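Below is one structure; the comments refer to it alone.
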């Protein structure tokens with residue numbers, strides 16, 4: 001038994017050293033990069049994806065708004081945190097629906113056309129603020145609108161489904177076809193254009209261009225209201241041209 005003791009001790013020592021060596025190697029591996037590190041192919045976190053999508057939509061919204069409105073606010077619904085999408089190595093492509101307007105409630109299709117393509121739909125609400133024409137006080141039915149009846153205010157036009165006018169001169173020559181409340185935004189459903197020019201009426205033709213302002217007389221070939229485009233015959237040349245009604249008996253022609 002005593003002759004076997006050194007062999008047993010050597011065996012146990014060998015096993016101990018093997019275990020110790022394995023532990024040291026695994027420890028070194030953890031600190032020297034032997035473990036697998038995250039790569040770009042792994043799914044991005046919801047927060048990172050939301051930031052990328054949010055920035056792209058903000059940039060796209062600025063492009064489609066241009067200088068049309070004074071200002072606008074954009075509310076973007078957060079990306080579903082359950083989505084597992086790869087990092088896009090290409091610029092995101094964005095389109096919105098419906099295409100016939102660029103404010104209000106929209107759906108943005110955000111598409112990655114990179115090495116690992118994907119597409120998501122993001123609900124977005126855009127409030128667009130612009131100057132509009134409103135009634136400065138109560139307006140009775142049948143009233144011919146004048147400067148004293150209207151004023152200009154900034155409103156959220158994304159809520160004005162019936163349309164609006166953006167300048168006071170756009171409602172010149174209109175008559176209220178129903179009572180209008182003070183502060184109400186004016187639109188074509190509340191007013192009718194008053195006929196300013198009758199067919200056969202003598203008119204003044206105003207031809208304008210860069211550095212030019214020529215006036216001559218003519219005869220209207222048709223009826224028309226303020227802002228409408230009608231045909232008029234030049235009394236001197238008998239040439240028929242098209243012009244826009246700018247006031248009672250006045251036709252403006254662009255050169």
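Coordinate-derived values only; no laboratory data. Quick caveat, the model's predicted, so the values are computed rather than measured. A quick note on method: Cβ atoms are made from the backbone with ideal geometry, for glycine too, and the neighbour counts reach across all protein chains shown.
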Legend entry - Rounded if a/c under 1.5, otherwise prolate or oblate - the stretch 109-255, Cα gyration tensor axes: oblate
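Looking at the stretch 195-254, what % of its DSSP beta bridges pair antiparallel, to the nearest 5?
About 80 percent, rounded to the nearest 5.
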Inset, instruction - Just order 120-129, 83-92 by mean Cβ neighbour count inside 10 Å, highest at the front, would you? - result: 120-129, 83-92
Legend entry - Inter-centroid distance (Cα atoms) of the stretch 64-82 relative to the stretch 139-203, Å: 31 Å
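For the stretch 130-193, what Kirkwood radius comes out of the mean inverse Cα-Cα distance, in Å?
Details: mean 1/r = 0.0879 Å⁻¹.
One decimal place: 11.4 Å for the Kirkwood radius.
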Inset, instruction - Quick one: grab the alpha carbon gyration tensor of the stretch 46-128, order the square roots of its eigenvalues as a ≥ b ≥ c, and give me rounded if a/c is under 1.5, else prolate or oblate depending on whether a/b is larger than b/c. - result: prolate
Inset, instruction - Indicate the gyration tensor shape class of the stretch 195-254 (rounded, prolate or oblate), computed on the Cα atoms with a ≥ b ≥ c the square roots of the eigenvalues: a/c under 1.5 is rounded; otherwise a/b larger than b/c is prolate and the rest oblate. - result: oblate
